[in-house]
1. Angle check, please: helix 348-371 long axis (alpha carbons) against the longest principal axis of the chain (alpha carbons), in degrees 0 to 90, nearest 10.
2. Just order 121-128, 371-378 by mean Cβ neighbour count inside 10 Å, highest at the front, would you?
3. How do the peptides 44-55, 436-447, 577-588, 383-394 rank, highest first, by the average count of neighbouring beta carbon atoms within 10 Å per residue?
4. Need the full-extension length gain, residue 196 to residue 259, defined as separation in residues times 0.36 nm minus the C-alpha distance. One decimal, nm.
5. Rounded, prolate or oblate: which fits the range 318-441 when a ≥ b ≥ c are the square roots of the eigenvalues of the alpha-carbon gyration tensor, with rounded for a/c under 1.5 and prolate only if a/b beats b/c?
6. If I take every Cα pair under 8 Å that is 6 or more residues apart in the range 238-378, average their sequence separation and divide by the length, what percent do I get for the relative contact order?
7. What is the packing order of peptides 421-428, 267-274, 565-572, 215-222, taking the mean over residues of other C-beta atoms within 10 Å and listing the highest first?
8. Can you pull the one-decimal nm distance between simple spin-label points at residue 57 and residue 105, each 7 Å off the Cα toward Cβ?
Ligand code: ADP
Ligand code: MG
């Protein structure tokens, strides 16, 4: 029989697709299994309207056989088969899908499961095979046909013999090359793991003959190889099951089987949506922070299934970065199996699903916060930082979504509070939400700057994470209350009158001190916030000392400088010493000023420029 050419454009398309559409060669098996499953589905469909045909579940299966000697891999199914015309049409024209046609001819409703629709999957066989042979007999036909092709240069169709209805596809597996070990597609264990990975939830049994070494009967240490037919796939995916059929343990097992994490999940979500987009998902919030979570190496993403068939292991488009800790999977009938990565990104359905998931995760976290506070705090310790990054990044675009999920410790009690709780606890006369920054709660508690605010009876939020202040600057306000760093210039609660007069009176002294310190500080002035401490540093303008520390640690930002103000407690005894030295002993004034400045730096956790000079200065005071 004469060799037929693939129809027109098909030839180039075939070459392209063999080489580029799929990133992993192993998916050829997924494609062939999906086609086999489709073919069985079609029998099921026929049976619905054909009285002569009874669909006995046991009769329908897919079988995979590897033959190392002949380097062949065979995928057999008991599906609907193909007539000669169908062979010619469906396998002779690339990008022509018999399955898509079947769906419209038979008015298959969307709720069913036929996977194929693009008409390219079959050709992925040529990624691993030199030659592909398809022997098939259509339902209702006595004749069988053999389609054979070595790839782009064409195919032949000839009559063949086949006893049963269905299709048998044989791949002549390529020889190994330097870069590619094709041999692995003849190894039972490798094949089995590919089936498990991509096709575990195909609804018909996928059988394989697995070799097992078994103890020979009647002996104690003699083994013999036996071959047993096994069903490799588990068929019913957990996400298709009903929530109330499943236990906590089922979800935990799934989490571990899937290797989403080695811990136990903190919380799972089983989602089933039948709206403008149809999908099912099982999502997990892990208990522990993955070791690489806050590094560039961490890849967020969910497994993506199209109708029970895995199409992507880590679909990052499904999760915003700030929910990057979420693990799990999504299965949708609205996504196409053959879709490539680039196409997927623009997929409207996918975007809808992503948006939907985002809202679900958000409300799950909100209800965890409301109903299971302890669990939420555990979650927040592991992943709270991500949420704060989420507030800060993308120019604050997501702050409304995230602000109510934030928590901080505070001066009132040693526990986490939300912004909402803070505001609810505010006395009526309190105008701002006060916060203080520092390495730890213990250090912040000792900051002299907190004195005045605490004296007023106001609560102070403790910002111990370097991202905290940046995130809060992005929020600007919460429930119409502005945030205020206790070290900032104007706290809005300073007492007036008397101190103001003091400042005027000592103006000359402060100017003298400022000129001793030069451009290290912008100003030296009488403090309105200090009660018991002699000195502290505060800042003027947007940039605070904590932000300066963070920014300076980044390359290229070493020159960033907060505008610092040295505040002196005029009610403190040291102030008298300063006054005494002023105008009488310039050297003493300079010594005291530098000492006080360095002390203020230490309190802030900032480095002292010249520690040796500092210790010498202390000695001078002592002798
Ligand atoms: P798709 O599955 O997207 O339609 P494929 O290239 O995978 O595209 O397959 C092309 C067509 O060949 C299918 O639509 C189907 O009509 C037919 N076909 C492929 N494999 C089989 C099979 N095992 N049994 C019956 N028909 C098949
Ligand atoms: Mg297909």
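Where a number appears in this text, it was derived from the coordinates with a stated rule and is not lab data. No experiment lies behind these values; they were computed from the predicted model shown. Neighbour counts are summed over all protein chains in view; Cβ atoms, including those assigned to glycine, are modelled from backbone coordinates with ideal geometry.
1. 50
2. My ranking of the peptides, most packed first, is 121-128, 371-378.
3. 383-394, 436-447, 577-588, 44-55
4. Values: separation 63, 0.36 × 63 = 22.68 nm, distance 1.35 nm.
Difference between extended and current length: 21.3 nm.
5. Prolate is the answer for the range 318-441, as a/c is 1.5 or above and a/b outweighs b/c.
6. 19
7. Values: 421-428: 12.8, 267-274: 16.5, 565-572: 21.5, 215-222: 8.2.
Going by the mean number of other Cβ atoms within 10 Å, highest first, we get 565-572, 267-274, 421-428, 215-222.
8. 2.8
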